[in-house]
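S.K.: Got a structure for you, questions after.
The values are calculated or read from the model by the stated rules, or taken from the named source; none is laboratory data. Here the structure is a predicted model, which means the values were calculated and not measured. Cβ placement follows ideal geometry from the backbone for every residue including glycine, while neighbour counts extend to all protein chains displayed.
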Amino acid sequence: MQQLPDASIDGKKCVRFHRSYRLPDLDDGPRLNIIDVYWIEKRTFLIRRIETETKSAKGSFRKIITYTPKINEEISAKELEFNPRATR
């Protein structure tokens, strides 16, 4: 893991960490090289973004997930009900 220069998301200062690794061959398919970048908000230590780039001999793709975490907010009893058939 390697630290990258700090950056901001929505005005929130974040530290960024880079991790790269390889996944083993699956069914004699191409080896996958994975690069992840984690954005962690400096003030709260919450994850704000995960960027993943996957590369193989057949091509590459990139996935970015941006989070908007909320802390110390009220959660209604309805939101906490267990309903396995509910869809979001």
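S.K.: Going by the structure shown, is residue 71 surrounded by 11 or more Cβ atoms within 10 Å (Cβ to Cβ) and of a type in the set (Val, Ile, Thr)?
M.R.: no
S.K.: Another question, then. With respect to residue 20, determine if the residue is loosely packed, with under 15 Cβ neighbours inside 10 Å, under 17 Å from the mean Cα position of the chain (by Cα), in a strand (DSSP E or B) and of a type in the set (S, T, N, Q).
M.R.: The answer is yes for residue 20.
S.K.: While we're here: Name the pairs: first residue in the stretch 68-88 and assigned to a loop (DSSP other than H, G, I, E, B), second residue surrounded by 10 or more Cβ atoms within 10 Å (Cβ to Cβ) and modelled with pLDDT of 90 or more, Cβ to Cβ under 7 Å, at least 6 apart or on different chains?
M.R.: Hits for this filter: 69/46; 71/44.
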